[in-house]
C-alpha cells in the first residue's frame, strides 16, 4: 500500500521557523485536512512534501523511500500530485490539449512524426473520459485562459487525474470560487476520495468544507503540529477553538 510520512520535518527562513519538527503519517483511503490560522505553516508544509521547498531538517518518506532530496518533477513522476492555490495550466492551449499532454506524459509517449497523436485512440479516449468526469467535456476546444476560475480549478484536477498519482494534494481548492462553482469541485474531490488506494491531503480554511470531506484533521500552529484526530474531536478541542476558530475557552463552535 502507498505510504507517505514526514519525520521531524523543519524549515527555517532566517530566524523564523515556519515548519517546526512535524512528524505525521498519511494513509491510503483517507482524506486528511490540514488546518490552522494564517501563517501556521500549512502551505509551507505542502511545499516541503511536494518538493517546492527543501527542509532544513527532517525527512520525507514515500513508499518506504527517502525522497527528501528528490526534485519536485521527480516526485510528480513517483506519484505525488499537487494542485496549487493559483491554477497551474497551459493558458493558451485548449482544455482538451492540456489534458492530452498530461495523458501523453504519463504514458511515456513522445512525439513521433510517423505516428500522429490522432492515431493514438487509447490516449484520446482516456483524455476524453477525464474531461467528462470533471464536467468539462462541452468545453474541450476552449482555451484554458478563457475558462472561469472554477472551471480552471476543475481542469487542474483533470491534469492531476491524467497523471494517475498515488497522492492528491489540494491547496485551498475552493479559493476565489463563486458559490455555484464550489460544489462541483467538492464533488470531484469526494469522488477521488472513494478510491481506497489514494491518499488525499487538503489545505482549507473553510470549516464547512473540512467537515464535509475530511476523515481526519491535523492542525498546525506556529509551524508545530498541535492536534491530530477525527474531525469532531479536533474541532471541539480547546486549542483548536482558541487558536484557529477564535473561540474563547468555555464556549462552543457554531
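The values are calculated or read from the model by the stated rules, or taken from the named source; none is laboratory data. Small disclaimer: the values here were computed from a predicted structure and weren't measured. All Cβ positions, even for glycine, are placed from backbone atoms using ideal geometry, and neighbour counts span all protein chains on display.
Side notes on the structure shown:
Here is a yes/no grid of residues against (1) modelled with pLDDT under 90; (2) in contact with a strand residue (DSSP E or B) (Cβ under 8 Å, 6 or more places away or on another chain); (3) over 30 Å from residue 179 (Cβ atoms); (4) surrounded by 15 or more Cβ atoms within 10 Å (Cβ to Cβ):
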site: 79; (1), (2), (3), (4): no, yes, yes, yes
site: 101; (1), (2), (3), (4): yes, no, yes, yes
site: 106; (1), (2), (3), (4): yes, no, yes, yes
site: 111; (1), (2), (3), (4): yes, no, yes, no
site: 117; (1), (2), (3), (4): yes, no, yes, no
site: 121; (1), (2), (3), (4): yes, no, yes, no
site: 128; (1), (2), (3), (4): no, no, no, yes
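- Complete set of residues in region 11-65 that are in contact (Cβ under 8 Å) with a residue 60 or more places away in the chain, more than 20 Å from the chain's Cα centre (by Cα) and over 21 Å from residue 79 (Cβ atoms): 17, 20, 21
- Within region 130-167, being in a helix (DSSP H, G or I), farther than 24 Å from residue 72 by Cβ and at pLDDT 90 or above holds for 131, 132, 137, 138, 139, 146.
- Region 183-204, residues that are assigned to a loop (DSSP other than H, G, I, E, B) and within 14 Å of the chain's Cα centre (by Cα): 198, 204
- One residue from 53, 31 being modelled with pLDDT of 95 or more, touching a helix residue (DSSP H, G or I) at 6+ places or on another chain (Cβ under 7 Å), assigned to a loop (DSSP other than H, G, I, E, B) and surrounded by 15 or more Cβ atoms within 10 Å (Cβ to Cβ): 53
- Any hit, region 168-182, residues being part of a helix (DSSP H, G or I) and either surrounded by 15 or more Cβ atoms within 10 Å (Cβ to Cβ) or modelled with pLDDT of 95 or more (or both): yes
- Each residue in region 35-48 was checked for being touching a helix residue (DSSP H, G or I) at 6+ places or on another chain (Cβ under 7 Å), closer than 25 Å to residue 195 by Cβ and either in a loop (DSSP other than H, G, I, E, B) or modelled with pLDDT of 95 or more (or both), and 0 of them qualify.
- Out of 25, 40, 83, sole residue that is more than 16 Å from residue 167 (Cα to Cα) and in contact with a strand residue (DSSP E or B) (Cβ under 8 Å, 6 or more places away or on another chain): 40
- Selection of region 56-69 for residues being in a loop (DSSP other than H, G, I, E, B) and surrounded by fewer than 17 Cβ atoms within 10 Å (Cβ to Cβ) yields 56, 63, 64, 69.
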